[in-house]
Amino acid sequence: MKRKVFRYKAVYWFTIILSFVLMLAFGFAVYNRWITNSFNNVEEILFSITTFSIAAVSTLSFFSLILKKKYSIVLLSCLLILLMITISLGILRTIFILKSFGDDKIDYFLASGLYLVLFVILYIVRRFKAVQYENIDYIGQ
């Protein structure tokens with residue numbers, strides 16, 4: 001019996017493409033921060049650590065999805081939750097430190113739109129995961 005991560009192939013390929021895009025985007029962000037030597041203060045160092053951790057988790061998630069490991073859904077869920085936390089901290093920083101949130105109406109739509117998209121993806125990942133029957137041979141014995 002073939003190993004399955006999700007019930008439907010469309011969900012599997014969607015999550016692979018999403019994980020690959022996030023791996024490329026945050027991998028490029030880590031490379032860009034390394035080249036520009038953006039480690040001047042504590043805030044930039046924390047941003048670099050966050051960017052590196054998202055890039056590492058997305059890389060692990062991508063390869064575990066390709067290899068169809070049983071912990072790939074957990075890694076993908078952790079990646080999405082880490083993205084939500086990063087967006088939340090960015091919004092809180094903009095509201096309380098920079099005090100520039102809400103100048104345009106697009107600020108409200110963009111933040112709520114990003115959360116909506118991430119929650120929908122997280123719901124799809126959790127809803128359509130494949131059921132694992134590891135001990136099916138021992139039923140009835």
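Values in this text are rule-based calculations from the coordinates and carry no lab data. Predicted, not measured: the structure shown is a model, and the values here were computed from it. Backbone-built Cβ (ideal geometry, glycine too); neighbour counts: all protein chains shown.
Details
- Fluctuation leader among 36, 50, 59 - the chain, Gaussian network, Cα springs under 10 angstrom: 36
- Residue 49-residue 116 FRET efficiency (beta carbon distance; Förster radius 30 Å; 0.05 resolution): 0.65
- Lysine pair count for the chain [Cα-Cα under 30 Å; pairs on different chains or 8 or more apart]: 15
- For the chain, calculated [θ]222 nm from helices alone, where every DSSP H run of n ≥ 4 adds -39500 (n - 2.57): -24500 deg cm²/dmol
- Using the alpha carbons alone, the radius of gyration of the chain stands to its Kirkwood radius in an Rg to Rh ratio of 1.08.
- Under-5 Å amide H pairs with residue 6, H placed in peptide plane, nonlocal only: 130
- In the stretch 1-130, taking the dipole from charged Cβ atoms about the Cα centre, the farthest positive-side position among 30, 64, 95 is held by 64.
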